[in-house]
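Participant: Dropping the structure in here first, questions after.
Here, each number is a calculation from the coordinates, and none is a lab measurement. Not measured: the values here are computed from a predicted model.
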Amino acid sequence: MIAHAMTFAFGCFGLGLLCNLWRLYSGPGIMERVLALDTMVINMIALIVLYGMATDTGLYFQAALLFAMTGFVSTVAYCKFILRGDIIE
């Protein structure tokens with residue numbers, strides 16, 4: 001039963017990732033594209049954690065944590081660049 005649930009979760013998060021990729025490509029403004037990129041990071045974190053659960057390995061959880069920190073910092077830096085035009089003050 002858990003194998004079917006994992007397959008369903010992989011499919012749902014993969015579909016969400018494809019929808020975000022479409023929004024990133026066809027977003028009307030730059031802010032919608034930043035939001036799509038941030039949501040893609042969240043979907044990738046979910047896929048990494050699911051893969052770690054499927055392989056029963058703890059290494060992927062640490063990789064997901066590092067990916068989450070990097071995604072947060074890059075989103076904040078990109079938004080600051082859009083608002084101010086400069087990252088470093």
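Participant: Mean separation of Cα pairs under 8 Å and 6+ residues apart, divided by the residue count of the chain: what relative contact order is that in percent?
Facilitator: The value is 23 percent.
Participant: Another question, then. Using a Gaussian network model of the chain with C-alpha springs under 10 Å, which one of A77, A64, A36 is most mobile by mean-square fluctuation?
Facilitator: The residue that fluctuates most here is A77.
Participant: Alpha carbons only, please: Rg and Dmax for the chain, in angstrom.
Facilitator: Gyration radius and largest Cα-Cα distance of the chain: 15.5, 54 Å.
Participant: Further question on the same structure: What do you get for the angle between helix 2-26 and the principal long axis of the chain? Use alpha-carbon atoms, 0 to 90 degrees, nearest ten.
Facilitator: Roughly 20 degrees, rounded to the nearest 10.
Participant: What angle do you read, to the nearest 10 degrees and between 0 and 90, between the alpha-carbon axis of helix 59-84 and the longest principal axis of the chain?
Facilitator: Taking Cα atoms only, the helix is inclined about 20 degrees.
Participant: Still on this structure, please answer the following. What full-extension length gain, to one decimal in nm, is calculated for T7 and C19 as 0.36 nm per residue of separation minus the Cα-Cα distance?
Facilitator: Stretched fully, the T7-C19 segment lengthens by 2.5 nm.
Participant: While we're here: To the nearest 10 degrees, how steeply does helix 30-55 sit against the main Cα axis of the chain, on a 0 to 90 scale?
Facilitator: With both axes taken from Cα atoms, the answer is about 20 degrees.
Participant: Show that you can apply the helix-only estimate: for the chain, add -39,500 (n - 2.57) for every DSSP H stretch of four or more residues, divide by all residues, and state [θ] at 222 nm to the nearest 500.
Facilitator: Per the formula, -31000 deg cm²/dmol.
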